[in-house]
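Here is the structure we will look at, set down as C-alpha cells.
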Amino acid sequence: SALSPDERAPYLVQSSGRPYHALIAQQFERDSLDLLCDLATRIRRIAKSRDGMKFLSDLLCHKRAMLYFSQPSSRTFLSFYAACQILGMRVAEVRDTSISSEMKGETPTDSVRTFGSYFDMIIMRTPWQGFVEEMAWMLSNTERPLPIINAGSGKDQHPTQALLDIYTLQRSFEKNGGLENKHVVFCGDLKRGRTVRSLSRLLTYYPNIRQTFAAPEALQIGQDILDQLDAAGVNYDVTTDFKATIPDADAIYMTRVQSEWDNPDGEKPKYNWADYSFTAADLLVLKRTGVILHPLPRRQELDPACDNDPRAVYWRQMRNGMWIRCALIANIFGREQEITHYYMMN
Ligand code: CP
C-alpha cells in the first residue's frame, strides 16, 4: 500500500524526508506516523502552560496560512485555524467562493495561484478528487512554491482526518497492547466516505490489524481499497450485518450517510438505517476495552445516549485533530527538533 519512491518523490521533496505537501494518506509511512503522534503529544503537553503557549506561538509567527474551503466544514476548518494560531501563524480564509473572484469567472486554479502570492501555506478542502495534487504540482512549477495540505478532497481522500484517527486509536490502546492486532470495524457509507478510505490505508502499516467493512451493499467500500488490502496482505471482511460485528470489535468507526453526493435525479440508496446505527443497547455487547470513533458530524447513526460512556472517544478524537494538525504543520516547516528540545528541558 505504500507508494514507490518514484510516486512518493513529489510529496516528500524535502531532503530531510519530512513532508513538503500533505496530499494523500498513503504518503505517510509508519515512521512518519509515529513521529507525528509523538510530536502531537509533546505539543499538547507544552500547550498546558502559559510559558509553553508562548514558546509555541513564536515558532511560526513569521508564516501565513490560507484556508481555502470550497466545501462545508466545522471541525477540519476550525482545528486547522486553531493549530495555526497555536503555532503563531496568521490566517486568512475563503470559505464562500460567491464572495471571491470565482464569482466573476476566475477558475479555482487561478484562485490557488493567487493565494500562493500572499501566503506560505495553503490548506484546502475541495469537492474534486485529484485537484489538490494538481495544485501542488502547479505551484511547484511557479516562482514561489509553497506547501499544500489536503483538508478533504472529493470522495477519495481526507489524509489529516486519517492522521487524527490514527493518533486517537494509538492513545486509546496505549495501555492495552497498542494498535497492533486490533479489530477495526467500519460502519456506514463506506463507498463515499473519504475518512474511511484514508484511514483504511494507514492501518495497513500496523501489524495484524483486521478490518471489517459493514455497510449496505449500495454503500460498501470500493474495490480499489480492497485491492490495496489484498496487496498488503491485510485480513479483512465485508459484511451487511453490522450488529454481528460489535462483540468482537476493538474499535468501531461509525460514519454518516454522505447524502451530499446523491444524484438529485437518481435513486437514493435504500437500506434500513437502524441496522447501521450504534445505540446505547450496543454498548452492552461492546468489549470493555472497545472504543467508538466517528469523524463527525453525525446524524442518526450514533445515538447521543452513548456520549458519556468512557468508550465513546469521538469528542477526544475531534480535539486530537487540532494537535495532530499542529504537529503536521510544525513538521512541514521543520520545527520538530525545537519542540522536542523544549519538551525535554521543561
Ligand atoms: N470530520 C470532518 O471532516 O468534519 P468537518 O466536515 O466538520 O470538517
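Numbers below:
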| item | result |
| --- | --- |
| Fewest-first ranking of MET138, MET345, MET318, using other Cβ atoms within 10 Å as the exposure measure | MET345, MET138, MET318 |
| Pairs of Cα atoms farther than 26 Å apart, segment 159-318, % | 20 |
| Order of VAL285, VAL91 under a 10 Å beta carbon neighbour criterion, fewest first | VAL285, VAL91 |
| For segment 87-103 and segment 278-321, distance of Cα centres in Å | 33 |
| Folded to 0 to 90 degrees: helix 30-46 orientation relative to the chain principal axis, Cα | 70 |
| Summed residue charge, Cβ within 15 Å of ASN263's Cβ, Lys/Arg positive, Asp/Glu negative | 0 |
| Convex hull volume per residue in cubic angstrom - Cα atoms of the chain | 143 |
| DSSP-loop trypsin sites (Lys or Arg not before Pro) across segment 96-189, with at most 15 other Cβ within 10 angstrom | LYS175 |
| Straight-distance crosslink candidates among aspartates and glutamates, where the alpha carbon sits under 20 Å from LYS54 and sequence neighbours closer than 8 are dropped | GLU336, GLU338 |
| Folded to 0 to 90 degrees: helix 50-59 orientation relative to the chain principal axis, Cα | 60 |
| Fewest-first sequence of VAL291, VAL238 by Cβ atoms within 10 Å of each Cβ | VAL238, VAL291 |
| More than 19 Å apart - percent of Cα-Cα pairs taken over segment 255-344 | 59 |
| Given 12 as the ceiling on other Cβ atoms within 10 Å, longest exposed-site-free region of the chain for GluC sites (Glu not before Pro) in DSSP loops | 1-142 |
| Value of [θ]222 nm, deg cm²/dmol, for the chain, DSSP H segments ≥ 4, -39500 (n - 2.57) each, nearest 500 | -11500 deg cm²/dmol |
| Per principal axis, descending, Cα span of segment 2-144 in whole Å | 47, 38, 29 |
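Rule-based calculations on the coordinates, nothing more; no lab input. Since this is a predicted model, take the numbers as computed values, not measurements. With ideal geometry, Cβ positions are generated from the backbone for all residues, glycine too; neighbour counts draw on all protein chains shown.
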